[in-house]
Amino acid sequence: MKERHKKIIAAEAKLIQKQQNEMNALKKKLEANLNERLKLRETEHNKLLQRYQNVKKEIENQQNIERIKFEKQYNTVAKLRPPTSNGRSMMGSRMNSKIKGSRMGNTNPASKPSHMM
């Protein structure tokens, strides 16, 4: 009976050791897979970040080119337009005179409603 009990204990110990080895192998495999996924994720992240930076730089360059074209256009138009005596454009001074005329009370009877005559 003692001999049989020793064999059972030895077999149980052997089985526990085998299961422990399998568990360690699975843990190593999982850790390796996790590390591989993390590396892939980091690589993809870096690719996306680089693409974002490239697109951002391209948009900034396009905006800069558009700004330069606009400034050249504006400077060309400003050089062609004759300066006024008070520094305002003709359109602005015309608008201001119309506004001032309407505030000062227009004496033209045609502009008054018929019941006020």
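The values are calculated or read from the model by the stated rules, or taken from the named source; none is laboratory data. It should be emphasised that the depicted structure is a prediction, and the values quoted were computed from it without experimental measurement. Note: ideal-geometry Cβ built from the backbone for every residue, glycine included; neighbour counts use all protein chains shown.
The figures follow:
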quantity: Flag for Gln73 being surrounded by 10 or more Cβ atoms within 10 Å (Cβ to Cβ), at pLDDT below 95 and either among the basic types (Lys, Arg) or part of a helix (DSSP H, G or I) (or both); calculated: yes
quantity: All positions within segment 31-53 that are more than 25 Å from the chain's Cα centre (by Cα) and not charged (D, E, K, R); calculated: Ala32, Asn33, Leu34, Asn35, Leu38
